[in-house]
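All remarks here apply to the structure that follows.
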Amino acid sequence: MKHLTILALLFLAGCATTHARRTDVLFWNQAQREASFRAMETHYASNVVRHGVAHPLPAGAPLQPRFDDGGTLETYMAAHHVAGLMVVQDGHVRVERYGLGAGPSTRWTSFSVAKSFTSTLVGAALRDGAIRSLDDKVIRYIPELAAGAYRDVTVRQLLDMTSGVRWNEDYADPHSDVAMMYEGTREPGVPLLVTYMSRLPREFAPGERWVYKTGETDLAGILVTRATGKSLAAYLSEKIWKPYGMASDALWLKDDVDGTEAGGSGVSATLADYARLGQFLLDGGVAAGKPVLANGWLADATRRHSDIGVPGRGYGYQWWTYDDGSFEGIGIFGQLLHVDPRRHLVIVQLAAWPVATSDAEAGARAGLVRAVNRAVDGR
C-alpha cells in the first residue's frame with residue numbers, strides 16, 4: 001500500500017507539471033491571470049536566470065504622485081489591477097507598492113518587456129563578437145530560414161521590426177500569428193518557432209515598413225543563442241543578472257520539447273530586479289566595473305529607428321522610444337519598464353489588466369508616468 005501511495009503521488013506530480021499551450025495565456029480569465037502571472041513556471045517549462053550579490057537599492061525620499069483626475073497611487077492600483085509599482089530615482093527607491101497579494105519576493109511575468117531583455121543581450125553579443133554585425137543576414141545565424149521570406153532580412157531589420165514579412169499580432173484572435181506561432185508539425189532539430197516563421201509570406205520589401213511582430217523577437221532570441229552557444233537565461237545571468245547584482249533568480253520560459261526560450265516574452269522577475277535592469281541601463285550598461293554592451297549600443301538601441309505613426313514616439317531595437325529621450329519596455333496586460341535618463345528615473349509596473357491591450361488602460365499607464373514626472377520635477 002505504501003508503494004502504491006508513492007506511485008500515486010508521483011503520477012499526480014507528473015500531471016501537475018504538464019505544460020499548456022504557450023499562447024493559452026492570452027485567453028485566461030481574470031482570476032487565472034492574477035493567480036498565474038506570479039507562477040508561470042507551474043504552467044510552462046522554464047530556465048533559471050541565476051542572481052548575484054544584490055545591488056543595493058536604498059530608500060529615498062517618498063514620492064506622492066497625483067494623477068490628472070486627482071487620484072492617488074492606491075486608487076490607480078486598485079482600478080487597474082496593479083501587482084507592483086516601483087519608482088527609482090538616482091538609484092534610490094521613492095515608491096514601492098504591491099497589490100493583488102504580491103510582495104517583494106513575487107516573480108511576475110513581464111510579457112513583451114522581455115523583448116528589451118533580448119535586445120540588450122544582442123548588444124552584449126555584439127561586444128563579445130558572437131554577433132559580427134547588425135547588417136549580417138539573419139540566415140547567417142538561422143540558416144533554416146534561407147528558403148523563405150527572411151532570406152534577405154538583416155539582424156537590424158529583425159530588431160526594428162521592418163522585415164516586411166506578413167504578420168498578425170491580434171491578441172484577441174485565436175487564429176492570429178501571435179496565437180499560433182508555437183503550433184504546427186515539428187521538424188527534427190528545428191525549433192518549432194523557426195518552422196512557423198519560415199513559412200510566412202512577404203508583404204513589403206525589407207526595411208520599408210514597421211509592423212510589430214513578437215515572433216521576430218523570438219527569432220532574435222534564437223539568434224543570440226546560436227551565436228553565443230548559450231541559452232538566453234545563461235547568457236543573461238553571465239552578463240547582467242550576476243555581475244550587476246540582481247537580488248533574486250529570474251525565470252525565462254522555454255519550449256518544453258525543443259528547449260527554445262521565447263525571446264519575445266516569458267521573463268519573470270521581482271519588481272526590484274526589473275528596476276535594477278533599468279538602473280543598469282542608466283549606469284551605462286556597466287556591471288562589476290566592466291562594460292557589458294557594444295560601444296554606442298544603448299544610444300542606438302533606444303532611439304527612434306521606425307516610425308510607428310504616433311507623434312512623439314517611435315520604435316528602436318525592441319524599445320518604444322520617446323522624443324524626450326525616455327524609452328520603455330511594454331508588455332501586454334499592463335507591464336512597464338520606463339527609463340528616463342534625463343530624470344535619472346526608472347518606473348516599473350506589474351499588472352493583470354482585464355484585457356491584453358486597451359487604449360484606455362494604456363492611457364492610464366501613461367498618466368502614471370506623467371504623475372511621477374510631475375512629482376519628481378516638483379510640480
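A few comments on the model shown:
- Index of the failed condition, LEU145 passing every other in (1) more than 21 Å from SER116 (Cα to Cα); (2) open to solvent by less than 30 Å² (accessible area, probe 1.4 Å); (3) under 23 Å from the mean Cα position of the chain (by Cα): (3)
- Selection count where residues are assigned to a helix (DSSP H, G or I) and open to solvent by less than 30 Å² (accessible area, probe 1.4 Å), scope the range 179-198: 6
- Criterion applied to ILE131, ILE139 was being open to solvent by less than 10 Å² (accessible area, probe 1.4 Å) and either over 27 Å from TYR44 (Cα atoms) or part of a loop (DSSP other than H, G, I, E, B) (or both), and the one residue passing it is ILE131.
- Among residues of the range 240-251 that are under 14 Å from TRP108 (Cβ atoms), those with a beta-carbon under 9 Å from a residue that is basic (Lys, Arg) and outside any helix (DSSP H, G or I) at least six positions away or on a different chain give the pairs SER248/ARG107; ASP249/ARG50; ASP249/ARG107; ALA250/ARG50; ALA250/ARG107; LEU251/ARG107.
- Boolean, TYR235 is open to solvent by less than 50 Å² (accessible area, probe 1.4 Å), in contact with a Ser or Thr (Cβ under 6 Å, 6 or more places away or on another chain) and closer than 28 Å to LEU271 by Cβ: yes
- Candidate set: the range 36-77, residues that are free of Cβ contacts under 8 Å to residues at least 60 places away in the same chain, open to solvent by less than 60 Å² (accessible area, probe 1.4 Å) and in a helix (DSSP H, G or I); chosen: the one farthest from ASN373 (Cα to Cα): SER36
The values are calculated or read from the model by the stated rules, or taken from the named source; none is laboratory data. Since this is a predicted model, take the numbers as computed values, not measurements. Note that each Cβ is placed from the backbone with ideal geometry, even for glycine, and that neighbours are counted across all protein chains shown. In case anyone asks, the SASA skips ligands and DNA or RNA and just uses the protein heavy atoms, side chains included. Shrake-Rupley method; radii C 1.70, N 1.55, O 1.52, S 1.80 Å.
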